[in-house]
Amino acid sequence: MYEPKTKETDADVFEFIEDIDHPKKREDAFKLLQIFEETTGYPAKMWGPSIIGFGSYHYVYATGHSGDAPLVGFSPRKAKHSLYVTTGDAKNEPLLEKLGKHTSGKACVYVNKLDDIDVDVLKTLITQCMAFLQDRYPENN
């Protein structure tokens with residue numbers, strides 16, 4: 001049976017951020033922590049060894065595979081910050097065009113530094129992603 005790697009843990013979010021070597025990356029991570037907490041209203045939780053998540057939802061795929069995941073989150077990776085604020089929702093495209101300097105993956109946005117993006121657009125993406133997932137998985141509300 002499949003066991004998801006990314007689960008909520010009891011690890012300390014502040015300790016995780018404090019352990020970031022690069023001072024600017026650490027500073028941005030603390031700013032992202034504040035942005036996500038204020039925007040979501042959820043406390044930060046560690047998911048796996050490196051994702052800081054906010055809120056959660058339970059998903060079930062057509063294959064029967066199921067699990068839990070954070071509604072939104074971020075990970076201060078060595079190269080870029082991974083922002084988990086996209087979900088395949090078509091409404092994201094116009095916002096991503098306004099976000100600023102970034103690249104996109106299937107479920108996240110990658111940014112070098114917070115100064116490269118419009119924080120107000122990020123807040124809207126966070127809110128929109130949460131609404132999309134809460135609508136898609138209403139049993140969590």
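The values are calculated or read from the model by the stated rules, or taken from the named source; none is laboratory data. What you see is a predicted model; the values in this text were computed from it and never measured. Here Cβ is always computed from backbone atoms with ideal geometry, including for glycine, and neighbour counts include all displayed protein chains. We work out accessible area using only protein heavy atoms, side chains counted, and drop any ligands, DNA or RNA first. Shrake-Rupley method; radii C 1.70, N 1.55, O 1.52, S 1.80 Å.
Okay, here's what the table says:
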quantity	calculated
Enumeration of residues in the stretch 56-66 that are modelled with pLDDT of 90 or more and open to solvent by less than 50 Å² (accessible area, probe 1.4 Å)	57
Hits in the stretch 43-66 - residues which are of a type in the set (Gly, Ala, Ser) and in a loop (DSSP other than H, G, I, E, B)	48, 50, 55, 56, 62, 64
Residues of the stretch 115-141 satisfying the condition of being of a type outside the set (A, V, I, L, M, F, W, C), touching a His at 6+ places or on another chain (Cβ under 8 Å) and surrounded by 12 or more Cβ atoms within 10 Å (Cβ to Cβ)	116, 137, 140
Identity of the residue in the stretch 87-114, touching a residue at least 40 places away in the same chain (Cβ under 8 Å) and either farther than 22 Å from residue 135 by Cα or open to solvent by less than 70 Å² (accessible area, probe 1.4 Å) (or both), that ends up nearest to the chain's Cα centre (by Cα)	87
Test: residue in the stretch 92-99 that is of a type outside the set (Ser, Thr, Tyr) and under 21 Å from residue 17 (Cβ atoms)	no
Residues of the stretch 67-86 classified as part of a strand (DSSP E or B) and open to solvent by less than 30 Å² (accessible area, probe 1.4 Å), total	10
Given (1) surrounded by 16 or more Cβ atoms within 10 Å (Cβ to Cβ); (2) over 18 Å from residue 125 (Cα atoms), index of the condition residue 11 fails	(1)
Unique residue being β-branched (Val, Ile, Thr), open to solvent by less than 50 Å² (accessible area, probe 1.4 Å) and not in a helix (DSSP H, G or I) when the list is 35, 20	20
Cβ pairs under 9 Å, 6+ apart, first in the stretch 65-86 and polar (S, T, N, Q), second open to solvent by 50 Å² or more (accessible area, probe 1.4 Å) and in a loop (DSSP other than H, G, I, E, B)	86/106; 86/107
